[in-house]
Amino acid sequence: MVSNDRQKWRDEFAARLRAALKQNALPEHGSGAYLRRLTGVSGKAASKWLNGESVPGDDKIANIAQALRVPIEWLRYGVGEVPDVLKVDQPIFSQPEVFGLNDALQQPAYVDLPVICEVACSSSNTRNKSVSRVIESSDTSMKFSRAKLDRAGIFPEQVALATVNGNAMAPTLTDGSSVAIDRNYNAITDGKIYALDHGGMLRIKRLYKLPLNKLRLVSDNADEYPEEAVSLDKEEGLTILGRIFWWEVFD
């Protein structure tokens, strides 16, 4: 049986965690998914943290605190001042919070997200020949469903959009379709689709880990685009922009 003091600590941790998640505009139904993606635990484990049934280890608490922008010791034990963004007139209670229709109505249905694109530019190193760079457009944004982000447990500030160019990933991703990139997810999960900056080219590939700090870059249209093995060393010029978690499909 769990002692009253230990259960009180669990309940109070859960209350602080829920408050920090809510302050970061993540509704209750998306909290478990966000924690699962952030820490790599099961949905059941994340639910136990939110319900006061258990408390994550120190390394996971540190990751959560950094992502939610609250002090680690405050999140872990309630030590120190309550972060300014969480200060309220009444104390935080451990009872589960209820998000109703009014809460949903306070959030816009769509958010404006930045667009990542490949642009041509000149370089003195190439005698004014045109080279390409992958940048976040300063004058272009696209609207995206907040509900889709909530279901994925992803904050809007972590996301950028891009447009597929070519048929290397057909039939999964078709030419001209939009994709959403979770820029906070750079760890490699074999077989998942990622957006890459490869020497100034915006590329979209399935990634697989290889020994010696290398990756397999795999296209779904393997007949026309054979797989590649590239190094993650700086000389290769490969940067992982993030994992693609949503895409549109044209018929």
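Mean separation of Cα pairs under 8 Å and 6 or more residues apart, divided by the residue count, gives segment 110-247 a relative contact order of 22 percent.
Here Arg216, Arg146 are placed in order of increasing Cβ neighbour count within 10 Å, fewest first, which gives Arg216, Arg146.
Measuring against 22 Å, Cα to Cα, the residue pairs Lys214/Lys234; Lys8/Lys48; Lys143/Lys234; Lys22/Lys148 contain Lys143/Lys234 as the ones spanning a longer distance.
Would you tally the net charge around Gln158, using a Cβ to Cβ cut-off of less than 11 Å, leaving Gln158 out, and scoring K and R as +1, D and E as -1?
Details: positive: Arg37, Arg183, Arg243; negative: Glu157, Asp182.
The answer is +1.
Fewest-first ordering of Met142, Met201, Met169 by other beta carbons within 10 Å of each residue's beta carbon gives Met201, Met142, Met169. Length available on full extension from Glu157 to Asp233: 0.36 nm per residue minus the Cα-Cα distance, which gives 24.6 nm. From largest to smallest, the equivalent ellipsoid semi-axes obtained for segment 110-247 from the alpha-carbon gyration tensor read 23, 20, 15 Å.
A short reminder: the numbers here are calculations on the coordinates, not readings from a lab. This one's a predicted model, so the numbers in the text were calculated from it and none came from an experiment. Neighbour counts are summed over all protein chains in view; Cβ atoms, including those assigned to glycine, are modelled from backbone coordinates with ideal geometry.
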